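The values are calculated or read from the model by the stated rules, or taken from the named source; none is laboratory data. Because the structure is predicted, anything quoted here is derived from the model rather than measured. Ideal geometry is used to build each Cβ from the backbone, glycine not excepted, and the neighbour counts take in all protein chains shown. What goes into the accessible areas is simple: the full protein's heavy atoms, side chains included, and nothing from ligands, DNA or RNA. Shrake-Rupley method; radii C 1.70, N 1.55, O 1.52, S 1.80 Å.
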Amino acid sequence: MTKIHNDPATFTEDAMRGFCMVNERYVRAVRGGVVRRSPGPDGKVAVLVGGGTGHYPAFAGWVGPGFADGAVVGNIFSAPSAQYAQSVARASERGGGVIFAYGNHAGDVMNFGMATQALLDAGVDARQVVVTDDIHAAGTDEISRRRGIAGDFTVFKVLGAAAETGAPIDEVERLGNLANNRTRTVGIGLSGCTMPGKAEPLFTVEAGTMAIGLGLHGEPGITTVELGTAADIAHHLVEPLLAEDPGDDRRIAVVLNGLGTTKYEELFLLWAEIAPLLTAAGYDLVEPEVGEIVTSLDMGGVSLTITWLNDELEPLWRAACDTPAWRRGTTVASASAQTPTPASVEDGAGAEEAADVVEIPEATAASLEHARSAVRAAEKALAAIRANEAELGRLDAVAGDGDHGRGMTRGVSAACVGAREAAGAGAGLGTTIARAGEAWADAAGGTSGVLWGSALGAAGRRLGDGDVDPARVAAAVEEFVGTIGGLGGARVGDKTMLDAMAPFSASLGAEIGSGPGAAEAAVRAAEAAAQATADLEPRIGRARPNAGRSRGAPDPGAVSFALIARAVVASLAAEDERC
């Protein structure tokens, strides 16, 4: 288990502080992640990799000449926020544009997508390369729905090497997508990983068996088979990959990756079984890599990645690079192209963030009072989420990565801070709720962060800072739910938080004129709908590959919404009674 920590809630920040201290020759810290200590030359495309913590050397370990220009760092197994991505992009951009590269997970797609659009709106040429290498996450007819796992490494390496040549952004993007299209990965799990501060792993693997098709975020495997010998494991890894050979070249880059606690000796032993299978199939193995490349905290297991090379990709795979975690060759052209950034701007916040101060709109006296009530309701919601954090994590671990409870605690905590600061500065109800949403999205990241943050912003704008009546409240709730569905792409029945939110909104809209019992009826509708999700199987999101496992357990997002709705309505009802 992951045993060394101070406060588990600040594990990411604490670990990154140490990483930057020991690797100050390579990186400097900025808000949201790290960037190269010595930037590339003016006009260079900035390749920015990113994702959640818990996967080292991915992603910060790959920042340096010949590889990435920066890494956007999220919480454990959670996508970094769009604000973090923009911050790292601004600190890295050299005039040649920005390419965000990341694995295909819902939270990453949303947050990096929003950051890309924000940069485009600001006049920065921003692109995305999304890795889809996990062959067990979807069939060959749905490759775009596959997850990104250890194939991140080879795709990111090609992108970084291409950018280092000074190629324009169109060409770098094309080569990155080419590498992704020719990359496939399969993984097996031998034991589950444990989140910092937790005593139990996210999932278990029965002794003498192995889980095939596990996820990078600690998601359990798709199927379980007998463990067998190293030779048996090699066949389980190699044969599915070769079935997807594009058939136009015999050169391959191969990565045998340890997921956290599988010993190097075991990896070498396994490689001795894998390599002959590949050479017997007629492949030329180009600079193979064996080691811990993309981990999952303390998970036991391995993954095997193959990238089918060609005349364009092979020299980029072979190209020199120099990063904290991985080095190849002896020279990198742009390593000394620029003077290192002075330590005086290490924090990466500086004047840029100071310029983001926004004036507080005028509000009516009633709206000011409602804002203060909203702050107290948010604090009650935080208490409810904290009390149920472990259970929310357990529900999420049934078919996902187990981080929902911790992510919600972090998000609601940030929202409380944002709401208190806004209300304390004289903001009305709408602005207070919108600022709470901004704080949530900024601090929490992940799917929940971007969805809740955007939805609270939309609801706050609908409410405004004038006087509020029940009809306006119902309309704001409808706006909230519509934003969740529109941004996340979910529909009722997909087993998401929308399954609880939609009945809450519908009930509130139907009963809003009936008196104080309308809100209580809406909460009961949300609670019943949340529990009813136990009968559903997920159709979208990272739990989808393990859909069968989730039957019988309610959706954690639906449950957390019902908890928040209950706490908020109870808080507001108590205030009404006191008045």
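Normalised by the number of residues in the chain, the mean separation of alpha-carbon contacts (under 8 Å, six or more apart) gives a relative contact order of 14 percent. Surface exposure of segment 37-111, expressed per residue as accessible area with a 1.4 Å probe, stands at 18 Å².
Taking the 0 to 90 degree range and rounding to the nearest ten, how far is the long axis of helix 517-532 tilted relative to the main principal axis of the chain, both from C-alpha atoms? In the chain, helix 517-532 runs at an angle near 30 degrees to the longest axis.
Highest mean packing first, where packing is the average number of other Cβ atoms within 10 Å per residue, the peptides 255-268, 227-240, 160-173 line up as 160-173, 255-268, 227-240. Averaged over its residues, segment 209-285 has an accessible area of 42 Å² per residue, based on protein heavy atoms and a 1.4 Å probe.
With respect to the chain, whose longest principal axis is taken over its alpha-carbon atoms, helix 470-488 is tilted by about 10°.
For segment 182-258, the relative contact order comes to 26 percent (Cα pairs under 8 Å, sequence separation of at least 6). The order of the peptides 477-489, 283-295 by mean Cβ neighbours within 10 Å, most packed first, is 477-489, 283-295. Electrostatic tally near residue 162: other residues with Cβ closer than 12 Å to its Cβ, Lys and Arg +1, Asp and Glu -1, net -2. Local charge for residue 532 was computed over the other residues whose Cβ lies under 14 Å away, with Lys and Arg +1 and Asp and Glu -1, and equals -3.
Order 372, 435 by their accessible area, 1.4 angstrom probe, all chains in place, largest first.
The residues order as 372, 435, largest area first.
Ordering of 502-512, 301-311, 198-208 by packing is 301-311, 502-512, 198-208, highest average first (other Cβ atoms within 10 Å, averaged per residue).
Over all distinct Cα-Cα pairs of segment 377-527, the Kirkwood formula returns a hydrodynamic radius of 15.8 Å.
Using a probe radius of 1.4 angstrom, the carbon and sulfur fraction of the accessible surface of the chain is 54%. Beyond 29 Å in Cα-Cα separation lie the following of the pairs 157/263; 157/198; 3/380; 263/495: 157/198; 3/380; 263/495. Between the helical axis of 429-444 and the dominant principal axis of the chain, each derived from Cα atoms, what acute angle in degrees is found, rounded to the nearest 10? Rounded to the nearest ten degrees, it is 20.
Counting heavy atoms of the protein chains alone, residue 448 has an accessible area of about 30 Å² for a 1.4 Å probe.
Note on residue 16: accessible area approximately 40 square angstrom, rounded to 10, probe 1.4 Å, nucleic acids and ligands left out. Out of every Cα pair in segment 7-113, what percent are spaced more than 24 Å from each other? Cα-Cα pairs of segment 7-113 separated by over 24 Å account for 15 percent. Mean separation of Cα pairs under 8 Å and 6 or more residues apart, divided by the residue count, gives segment 102-209 a relative contact order of 23 percent.
Counted by Cβ distance under 15 Å from residue 224, the other residues give a net charge of -3, where Lys and Arg count +1 and Asp and Glu count -1. Structural size metrics of segment 229-330, computed from C-alpha coordinates, are Rg and Dmax of 14.0, 39 Å. Semi-axes of the equivalent ellipsoid of the chain are 42, 28, 19 Å, computed as sqrt(5λ) over the eigenvalues of the C-alpha gyration tensor in descending order. When the helices of the chain are scored as -39500 (n - 2.57) per DSSP H run of n ≥ 4 and the total is divided over every residue, the value at 222 nm lands at -15000 deg cm²/dmol.
Across all directions, the average flat footprint of the convex hull enclosing the Cα atoms of segment 404-470 is 4.3 nm².
Residues of segment 135-206: accessible area per residue at 1.4 Å, in Å²? Walk me through the numbers before you get to the answer.
Working: 2440 Å² over 72 residues.
Heavy-atom SASA per residue in segment 135-206 reads 34 Å².
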